[in-house]
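Colleague: The structure that follows is given in the form of C-alpha cells.
The values are calculated or read from the model by the stated rules, or taken from the named source; none is laboratory data. Computed from a predicted model, the values in this text were never measured in an experiment. Because the Cβ atoms are built from the backbone with ideal geometry, glycine has one as well, and the counts that use them run over all protein chains shown. For the accessible areas, the whole protein counts, side chains as well, though only heavy atoms, and no ligand, DNA or RNA atoms are used. Shrake-Rupley method; radii C 1.70, N 1.55, O 1.52, S 1.80 Å.
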Amino acid sequence: MAAPAVEGAAVAALRSVMHRVRHAAGRSGQSSDRVRVVAVSKTKPVSLIRQVYDAGHRCFGENYVQEFIEKAPQLPEDIEWHFIGHLQSNKIKSLLSGVPNLAMVEGVDNEKIANHLERAVASLGRNPLKVLVQVNTSGEASKSGVDPSGCVELVKHVKLHCPNLEFSGLMTIGMPDYSSTPENFKTLSNCRIEVCKALGMEQQQCELSMGMSGDFELAIEMGSTNVRVGSTIFGPRDYTKKQPN
C-alpha cells in the first residue's frame, strides 16, 4: 500500500509549492499567474506524473531525451512539455518527433543547437518552438550556457536567423550542485536588460527561467517567471537508471 501514499504526497506537495509561489510573487509585486511552475519529472514513473496531472497541473519538464520520448506518448496530449538542460544535436530529431506537444526547450546555449532545432522544426512542419537561451551565470566550466557577454549575440541569432524558433527568454541552471545564489539571478536579470535594450523588446516579452526546488521563492522575488521544481514535488530521485542526455 506504499505507492498510493507516495502519489498522494506528490499532489499535496504540488499544492504547497503553488501556495509558496503565490506568496513569493506577492512579495515581489508580480501577479502569481505570471509565474509558471514546471514540475520536473525526470526519473519518475508515468503513474506519478499522471497523479499530478489529475490534480490539475499541466506543465512538466524532462531532462533525458530517451526517457522523455518513452514517457510522453503514455500521457495526455494537452501537457505543456519542457525539455530542460543541454540538448545534444544528434538527439534533436528524435525529441521533436517523439514529443509533438513539446512546448519549450530550456535552453539553447550556442548557435549550432539553434540551427539544428530550426531545421528540425521546419522539416517536421510543426508550430514554431519556444526556446530560452541558456546563460552560464556561475562561470563554472562544468555548466552549459553561453557566457553573459555572448548572450545578446546568441539571442539576435535566434531572433533573426531562426524563424521556426520563438525566442521566449533566458534561463540559468546555477551552480554545479544546482543551487543558485542571488548573484546568479542578478546576472541573468542584467542579461535580460541588455537583451531587451539591444533588440527593442519589453522586459515582459523576455522570460526569466531561474530557481529550482531549493531556491524558487528567492528566484521569484528576484523576477523569475518560470521555476523548475522537481524533488520538492516528486520526492528524491533514483539515479541508478539515469539515462544519457
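Colleague: Taking only protein heavy atoms and a 1.4 Å probe, what accessible area per residue, in Å², does region 54-99 have with all protein chains in place?
Modeller: Counting only protein heavy atoms, the per-residue value for region 54-99 is 40 Å².
Colleague: A further question on this structure: In whole Å, what are the Cα extents of region 111-182 along the three principal axes, biggest one first?
Modeller: Principal-axis extents of region 111-182 (Cα, largest first): 39, 21, 19 Å.
Colleague: Answer with one residue from ALA13, LEU188, VAL133: the one whose Cα lies farthest towards the positive end of the charge dipole of the chain, charges on Cβ with Lys, Arg +1 and Asp, Glu -1.
Modeller: ALA13
Colleague: State, to one decimal in nm², a quarter of the convex hull surface area for the C-alpha atoms of region 1-105, i.e. the direction-averaged projected area.
Modeller: Mean projected area for region 1-105: 7.3 nm², to one decimal.
Colleague: Could you calculate the contour length gain from GLN66 to ASN190, that is, 0.36 nm times the residue separation minus the distance between their Cα atoms, to one decimal place in nm?
Modeller: 41.2 nm
Colleague: Okay, moving on. Only sites in a loop by DSSP and with at most 15 other Cβ atoms within 10 Å count here; which GluC sites (Glu not before Pro) in region 107-149 make the cut?
Modeller: GLU140
Colleague: What is the magnitude of the charge dipole of region 82-208 about its Cα centre, with +1 placed on the Cβ of each Lys and Arg, -1 on the Cβ of each Asp and Glu, and no other charges, expressed in debye to the nearest 20?
Modeller: Dipole magnitude for region 82-208 comes out near 400 debye.
Colleague: Here's something else I'd like to know. Can you tell me how much longer the chain between LEU75 and LEU160 gets when fully stretched, taken as 0.36 nm per residue apart minus their C-alpha distance, in nm with one decimal?
Modeller: 27.1 nm
Colleague: Could you tell me what % of all Cα pairs in region 63-163 have separations over 23 Å?
Modeller: Here the long-distance tail beyond 23 Å is 24 percent of all Cα pairs in region 63-163.
Colleague: Just the number, please: carbon plus sulfur as a percent of the accessible area of the chain, 1.4 Å probe, no ligands or DNA/RNA counted.
Modeller: 50 percent
Colleague: Any idea what Rg and Dmax come out to for the chain if you just take the C-alpha atoms, in Å?
Modeller: Gyration radius and largest Cα-Cα distance of the chain: 17.2, 57 Å.
Colleague: Grab the chain and count how many Lys pairs have their alpha-carbon atoms under 15 Å apart, sequence gap of 8 or more, or different chains.
Modeller: 16
Colleague: Right, another one. Return the FRET efficiency for the residue pair SER89, GLU140: r is the Cβ-Cβ distance, R0 is 30 Å, and the value is rounded to the nearest 0.05.
Modeller: Plugging the Cβ-Cβ distance into 1/(1 + (r/R0)^6) gives 0.85.
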